[in-house]
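The numbers here are math on the coordinates, done by the rules we state, and not lab data. Every value quoted in this text rests on a predicted model; they were computed, and no experiment measured them. Note: ideal-geometry Cβ built from the backbone for every residue, glycine included; neighbour counts use all protein chains shown.
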Amino acid sequence: MKMNTFKWLARLCLGRALALMLAGGPPFCAQAEEPANGELKETSLELLSDRALTPLGKAALSIRSGEWKHAESANFVYHFFHGFIAGPVAVEAEFYYRVIAREMEKDTTQWERKCHIYVFEEAADWAEFQKRGALDPWTGGIHAAGSLFIQRDPQARFKGGTLGHEVAHLVVERFFGTGVPLWLNEGYAEYAAARCYAAFHRARGYAARPTTRPVPEGMYLPVGQLTALLSYPEDVAQVQVFYMESERLVRFLSAADKRGFGIFFDAVAKGARFETALAKGFGGRFMHLEALDREFRSYAIHEIAAPNTN
Ligand SMILES: [Zn+2]
């Protein structure tokens, strides 16, 4: 799930704003091939190669039911209102899918079923979808049962990281299953989305860099508490912090040892406790949870200056 970025940023601008920070890491997205920029060929719902709609997908299509259009690309099926909105979504979705799967060292060629992406435009339609789907009001996009639901503002020049975030969830669920804890799922999605979004735009001539936000010091959650959360915090301000700190923890562990992070991720996805997976992935690098927490806290609450990863 992804928070509504506009509301999120509006919140961040209140009081002492939390500056959007530049950060980076190993340039995994820089190796990506340039995606084809072809136009989507519109077709009918009946002629799609994959017509398996989830209950939430049916709920989406019940809004303005006569106006949805349909198309597909190599790995995705699209439901949308305007081709000029869906075309760029398709280019981005295929790009993100490929680079995130490659980063996680997963072979996607055997996964034949396509993922459905529902592209809303109007805020009122998205609000209606949130209502029908019983979603949290702060939801800006969602991955559910292998389908993605996003809102794209036709007026916005830069569309934000929501699509990359949800594609990261898709890749994680496809190749690691549903056992990935909430903090790791959201933290990884934020981390991957920021890096791929920047890479996607760098490939098109923009001086884009991944962004990462420091956690407000007074709202820092010890790692033991963060990683034990089974659901999103009730308080919306704490939901923001939950996303920010989860992203920072993924970034921190990945920077400590990228290969070790992969082993750690796999172990956690298979049911290992946090500390067991930590020992598997990082050996004696972190002696115990308290040692990790001391080191990570400083990393989490400070701004990070990072070079452009291109
Ligand atoms: Zn999410």
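With 29 Å as the limit on Cα-Cα distance, the pairs of Lys106/Lys131; Lys2/Lys69; Lys131/Lys270; Lys41/Lys131; Lys41/Lys258 that go past it are Lys106/Lys131; Lys131/Lys270; Lys41/Lys131; Lys41/Lys258.
Between the alpha-carbon centres of the range 65-85 and the range 101-127 there is a gap of 12 Å. Annotation: amide H of Val77 within the under-5 Å range of Cys115, His116, Ile117, sequence separation 5 or more or interchain, hydrogens built in the peptide plane. Modelled spin labels at Tyr206 and Met219, positioned 7 Å past Cα toward Cβ, are 2.5 nm from each other. Label-to-label distance, Ala156 versus Ala291, with points set 7 angstrom from Cα along the beta-carbon direction: 4.3 nm. Convex hull of alpha carbon positions in the chain: directionally averaged projected area 15.4 nm². Per-residue Karplus couplings for the range 136-144, computed as 6.51 cos²θ - 1.76 cosθ + 1.60 with θ equal to phi - 60°, are listed in order as 4, x, 8, 5, x, x, 8, 10, 9 Hz, Gly and Pro entered as x. Residues whose amide H comes within less than 5 Å of that of Thr212, counting only those at least five positions distant or on another chain, are Met21, Leu22, Ala23 (H built at 1.01 Å from N in the peptide plane).
Springs between Cα atoms under 10 Å define the GNM used for the chain, and in it the highest mean-square fluctuation of Gly205, Gly141, Gly177 occurs at Gly205. Spin-label pair Lys41-Thr108: with each label point 7 Å from Cα along the Cα-Cβ axis, the two points sit 2.1 nm from one another. Measuring between their Cα centroids, the range 207-225 and the range 236-272 lie 12 Å from each other. Taking the chain as the reference, fit the longest principal axis to its C-alpha atoms, fit the long axis of helix 182-202 to the helix C-alpha atoms, and give the angle between the two in degrees, 0 to 90, nearest 10. With both axes taken from Cα atoms, the answer is about 70 degrees.
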